[in-house]
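Colleague: So that we are looking at the same thing, I have put the structure below in structure tokens.
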Amino acid sequence: MMLVVLCLFLLFSTCHSRSLPQLQRPDPDCDYNITQIIQSKGYPCEEHKVITNDGYILGVFRIPHGRNSSSTGRPVLLQHGLLDSATTWVMNFPHQSLGYILADAGYDVWLGNMRGNYYSRAHVKYNPDHDEAFWDFSWDEMAKDDLPSMIYYILNVTKYEQIGYIGHSQGTMIAFAEFSRPDSVVRNNVSFYGSLAPVVHVGHIESPLKYLASATIMKDLELYWHLLFGRNEFLPSSYIIKWLGTFACGEFIIDRVVCDNIFFILFGPEKKNLNETRIPVYASHVPDGTSVKNMIHFAQGVQTNAFQAYDYGSPEKNQLHYNQTTPPQYSIRSMKVPTAIFSGGEDWLADPSDVNYIIDNIQSLVYKKYIPNYNHIDFIWALTASQLVYVDLLDVMKKYHPPN
């Protein structure tokens, strides 16, 4: 009898040991880099290096065509948001991710990375691990240096004269800043601009970021941030993440992995529109890095509700950097690039009140769509984004920037 029990136990243990790894085996996309993710879905992928005028080396990735075609169409550049990377456009499955959908629609898809993130953590002179000077940037430099550098590089490679551009979050902010600059030349090389979760003013945000930009620290905002996070890469401690997580997660029952991730904390832990089985993949690839100075720049926007360059904190310092005592203002009214805006009603960063400022002031608006139950990250990861956002986005883009 004991022999029978032992045999049954061994049989059960053997079956259990075989099935358990199968259940717990992580999605390979958690460990893949962007090239591996793209190629694992059956798409071609190229890696390019773009060097900006001030020496940053940006990792830019290209999906030259779809799975069922070998012909290359017109180029379109996708630009990620704050604390994100190009991986964001290809993290879902092919019928859900905008990068794959555009490639299959005939476009030559380019995926950009801003200075300081995982794929652009390099410089011709500075070492990001040792040189504070590497991290002396905010989205100002992304707008005036990174964005034009990538666009000109892509046009040089593809031999086209114009590009389509789609941005999310910070990717929209730098576009509004650069494309609206009166002396901007690169805006003439952009035939269409798709703006997902657009950001210009951030004075009405619901993100816990507002607690790090409150009136009580207004006079010493820069000092306060440097004391908490240093002067280089933005790497919040687990204590700060937990503190901010209390504002983001509250009493709701949400995955621990979501509430322990600064990306979800700042942009919204709500996951009702996401494929929950992909959350480990998302959490494996975000946050992807930026500078403390860039985060301070966003916090300044929360305080002032102004769309302006980085404020160095005193008339004397601003005079030194800008030749004027106050930071220069960006005016979106002068932007002429045909623009389509997609915004959400539950967006913690691109609040509907702040988005209305864009809609009321932009003169080149050709399409707008408001999705009441969408938050900030739904525009890139939601299960319904392909139907609610990307179908309309492609339809309007084809009018101004057809694939062929």
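Colleague: Could you sort out which of LYS242/LYS317; LYS293/LYS336; LYS41/LYS272 sit more than 27 Å apart by Cα distance in this structure?
Modeller: Details: LYS242/LYS317 35 Å; LYS293/LYS336 30 Å; LYS41/LYS272 25 Å.
Violating the 27 Å Cα-Cα cut-off are LYS242/LYS317; LYS293/LYS336.
Colleague: Pairs of Cα atoms under 8 Å, at least six residues apart: use those to get the relative contact order of the range 92-232, whole percent. Don't jump to the answer; show the numbers that get you there.
Modeller: Values: 107 pairs, mean separation 25.8, N = 141.
Averaging sequence separation for qualifying contacts and normalising by length gives 18 percent for the range 92-232.
Colleague: Take each of the peptides 188-199, 160-171, 118-129, average the number of other beta-carbon atoms within 10 Å over its residues, and list them starting from the highest. Kindly include the intermediate steps, with their values, before the conclusion.
Modeller: Working: 188-199: 25.2, 160-171: 23.4, 118-129: 16.8.
Peptide ranking by packing, descending: 188-199, 160-171, 118-129.
Colleague: Over the chain, with a Gaussian network built from C-alpha contacts below 10 Å, which listed residue (GLY106, GLY344, GLY55) shows the highest mean-square fluctuation?
Modeller: Taking springs between Cα atoms under 10 Å, the residue moving most is GLY55.
Colleague: Then there is this: If you roll a 1.4 Å probe over the heavy atoms of the protein chains, what accessible area per residue do you get for the chain, in Å²?
Modeller: On the way: 17490 Å² over 404 residues.
That works out to 43 Å² for each residue.
Colleague: Another question about this same structure. Reachable aspartates and glutamates from LYS49, Cα under 19 Å, same-chain residues fewer than 8 places away excluded?
Modeller: Straight-distance partners of LYS49: ASP84, ASP108, GLU141, ASP145, ASP146, ASP288.
Colleague: Kyte-Doolittle mean at least 0.0 and Cα extent at least 24 Å along the axis: which DSSP H helices of the chain qualify?
Modeller: Values: long enough: 2-24 (32 Å, 1.22).
Qualifying helices: 2-24.
Colleague: Once each part is reduced to its C-alpha centroid, what is the distance from the range 164-213 to the range 265-281 in angstrom?
Modeller: 23
Colleague: So what's the net charge close to PRO64: Lys and Arg +1, Asp and Glu -1, counting the other residues with Cβ under 10 Å from its Cβ? Before the final figure, lay out the partial values.
Modeller: On the way: positive: ARG62; negative: GLU46, ASP108.
Residues near PRO64 contribute -1 overall.
Colleague: While we're on this one: Going by Cα centres, the range 302-349 and the range 379-404 are how many Å apart?
Modeller: Taking the Cα centre of each part, the range 302-349 and the range 379-404 sit 28 Å apart.
Colleague: Ignoring ligands, DNA and RNA, what percent of the accessible area of the range 25-400 is carbon or sulfur (1.4 Å)? Intermediate results must be reported in sequence, preceding the final value.
Modeller: Details: 7500 of 14880 Å².
Solvent-exposed carbon and sulfur of the range 25-400 make up 50 percent of the total.
Colleague: DSSP loop (so not H, G, I, E, B), at most 16 other Cβ within 10 Å: list which chymotrypsin sites (Phe, Trp or Tyr not before Pro) in the range 300-380 pass both filters. Each step should come with its number before you reach the end.
Modeller: On the way: sites: PHE307, TYR310, TYR312, TYR322, TYR330, PHE342, TRP348, TYR357, TYR367, TYR370, TYR374, PHE379; in loops: PHE307, TYR310, TYR312, TYR330, TRP348, TYR374.
Those that pass, being in a loop and sparsely packed, are TYR312.
The values are calculated or read from the model by the stated rules, or taken from the named source; none is laboratory data. Only a predicted model underlies this, so the values are computations on that prediction, with no experimental measurement involved. In this analysis, Cβ positions are derived from the backbone assuming ideal geometry, glycine residues included, and neighbour counts consider all displayed protein chains. Please note that ligands, DNA and RNA were not included when accessible areas were found on the heavy atoms of the full protein model with its side chains. Shrake-Rupley method; radii C 1.70, N 1.55, O 1.52, S 1.80 Å.
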